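The values are calculated or read from the model by the stated rules, or taken from the named source; none is laboratory data. What you are looking at is a predicted structure, and each value in this text was computed from that prediction instead of being measured. Backbone-built Cβ (ideal geometry, glycine too); neighbour counts: all protein chains shown. Please note that ligands, DNA and RNA were not included when accessible areas were found on the heavy atoms of the full protein model with its side chains. Shrake-Rupley method; radii C 1.70, N 1.55, O 1.52, S 1.80 Å.
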Amino acid sequence: QVQLAESGGSTVQTGSSLSLSCAVSGSTFGGYFIGWFRQAPGHERTFVGTIGWHGGRAYYSDNAEGRFTITRDVAENSVSLHMSGLKIDDTDTYFCARARYHSEDWRSYDSWGQGTQVTVSS
């Protein structure tokens, strides 16, 4: 059974940095992508970025490009989202998920974590 679990969400001030972690377990992730999405109540999940489990470049949304970095640690079975220059508009619940290919569409992902809240205040 595939399991993904996010952690690291917090309340921070604008301009701060914060790293989220996604621990994966229960199945092989070779050949898969791990994506990060964000979601506000009542809204669809929005693409943040993805990375292939066994390497290759990461892909980012326009909003994340240059501020966020995704890394993966295969030995630790985790993928991290490193966020810097946080803005109030970055406030959301952040999710990690698994897909068989790079996609910016949340419907391409078949397994999801429970989410972790990021709140950015002035």
- The answer for Gly115, listing residues at least 5 apart or on another chain whose modeled amide H is closer than 5 Å to its amide H, is Glu6, Cys96
- Apply the Karplus parameterisation 6.51 cos²θ - 1.76 cosθ + 1.60, with θ equal to phi minus 60°, to every residue of region 19-35 and state each ³J(HN,Hα) to the nearest whole Hz, in sequence, with x for glycine and proline. 10, 9, 10, 10, 8, 10, 7, x, 6, 6, 10, x, x, 9, 10, 10, x
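If you place +1 on the Cβ of every Lys and Arg, -1 on the Cβ of every Asp and Glu, and leave all else neutral, what size is the dipole of the chain about its Cα centre, to the nearest 20 Debye? Spell out each step's value before the answer.
Values: 9 positive and 12 negative charges, 32 e Å.
So the dipole magnitude of the chain works out to roughly 160 debye.
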- Query: In the chain, how does Rg compare with the Kirkwood Rh, expressed as the Rg/Rh ratio over alpha carbon atoms?
  - Reply: 0.94
- Query: Which cross-chain or sequence-distant (5 or more) residues have an amide H under 5 Å from the amide H of Arg45, H modelled 1.01 Å from N in plane?
  - Reply: none
- Which of these, Arg72, Arg38, Arg57, has the largest mean-square fluctuation under a Gaussian network model of the chain (Cα springs below 10 Å)? Arg57
- Put +1 on the Cβ of each Lys and Arg and -1 on the Cβ of each Asp and Glu in the chain; which of Thr91, Gly9, Thr71 then has its Cα farthest toward the positive end of the dipole? Thr71
- Task: May I ask you to give the solvent-accessible area per residue for region 1-93, in square angstrom, as obtained with a 1.4 angstrom probe?
- Result: 49 Å²
- Message: Can you list residues from other chains, or at least 5 along the same chain, whose modelled amide H is less than 5 Å from the amide H of Leu86?
- Response: Gly15, Ser16
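On the accessible surface of region 4-97, probed at 1.4 Å, how many percent belong to carbon and sulfur atoms? Walk me through the intermediate numbers first.
Details: 2030 of 4290 Å².
Here it works out to 47 percent.
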